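Okay, so here's the structure we're looking at.
Just so it is clear, none of the values below were taken in a lab; they were calculated from the coordinates. Just so it is clear, the model here is predicted, and its values are computed rather than measured. Heads up, the Cβs are rebuilt from the backbone with ideal geometry, glycines too, and the neighbour counts pull from every protein chain shown.
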Amino acid sequence: MAAVNQLIASPAPPHPAIVPLTVRRAALGADGIFRSQDVPDTVAAESPLTLRVEGRVLAVVMRTPGHDRELAAGFLLTEGVIQSARDLFEISLCPSLSCAVAGTSEQSADTPAPDPGDSLDVLLTRSASFNPEQLTRHVFTSSSCGICSKTSLTTALPPEAILTPGAVPLITAAALASLPDQLRAAQPTFATTGGLHGCAWWDAARQSLVPGLVFEDVGRHNALDKLLGHALLTQQLPLSHGVLLLSGRISFELVQKAHAARIPLIAAIGAPSSLAIEYATAAGITLCGFVRAARFNLYCHPGRVE
């Protein structure tokens, strides 16, 4: 009976799509002053899935773990690689490429634990019909065997790529909390349609959004690409003196794009993924999520917020 009770009382294994962590939560008090405390929280997991078709790396997709076979099948269907389930001979995890038994490294309690990436091998019923050059969409691809682990995306950062904070904070908590309302006011098309993502650049010197660096698009990545492209063409890079504000959640790709522009602080109305936090931590970027008028979460490098 004791053994049965022990079995019943054992905690459930962690869900692969959820990563527990500790965040610093800032909230506005009744006296009008922001105060912070460390609280337990969870974020959605994000890790790479390498898709191989007939032994060839087709794409590396950043996804939330789970239903990987379905993801692979849907990707191949929408890319035109297959037309029906009859075109699939087998979808299997490739143990030689998966890092389920990869070595572990020491992790801070405040950062997500490493979650090994996986690789799926897909064999087609008619292998001769596979032509990767006909794909209509190309995501992050690699000629190697695949990304072995999330940490391989961050440990390769050279020292000069890591952003270091200045001697003083970049923005006050009150100014940060006001950014969502400022972004909403600067999105005329969203006000009309309700169907667009937005992103904006807040300049620390001006203490305001830069009017020419507010962009909208149906895609989050597109909106950010527009902002960074405009900054590039108008010789405003690097954007190392302010805050990037996003209308949605923060994914790994968005942090990676912001890092290319040397952006030190990313704030979003939504949540970051686990891999976004890991990359930002390694790159020296401050991440703020769930930004509201009276509170927000700080996930890493909180010193840039006063």
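When a/c is below 1.5 the answer is rounded, else prolate if a/b is larger than b/c, else oblate, so apply that to segment 222-268 with a ≥ b ≥ c taken from the square roots of the Cα gyration tensor eigenvalues. Judged from the Cα gyration tensor, segment 222-268 comes out prolate (a/c at least 1.5, a/b above b/c). Once the Cβ-Cβ distance of Ala30 and Ser178 is raised to the sixth power relative to R0 = 22 Å, the FRET efficiency obtained is 0.75.
For segment 220-306, trypsin sites (Lys or Arg not before Pro) are listed when DSSP marks them as loop and at most 16 other Cβ atoms sit within 10 Å of their Cβ; the list is Arg262, Arg292. Rounded to two decimals, what ratio of Rg to Rh does segment 159-304 give with C-alpha atoms and a Kirkwood Rh? Reported Rg/Rh (Cα atoms, Kirkwood Rh): 0.92.
The gain in end-to-end length when the Glu54 to Arg69 segment is fully stretched comes to 3.9 nm, 0.36 nm per residue minus the alpha carbon separation. Label sites at Asp225 and Asp203, each approximated as a point 7 angstrom past Cα along Cα to Cβ, lie 2.7 nm apart.
As an exercise, use a Förster radius of 30 Å and the Cβ-Cβ distance of Asp38 and Gln236 to find the FRET efficiency, rounded to the nearest 0.05. Approximately 0.25, to the nearest 0.05.
The slack in the chain from Val168 to Arg86, taken as 0.36 nm per residue of separation less the alpha-carbon distance, amounts to 23.4 nm. DSSP bridge analysis restricted to segment 159-304 gives an antiparallel fraction near 65%, rounded to the nearest 5.
As a length-normalised measure over Cα pairs under 8 Å and 6 or more apart, the relative contact order of segment 241-283 settles at 50 percent.
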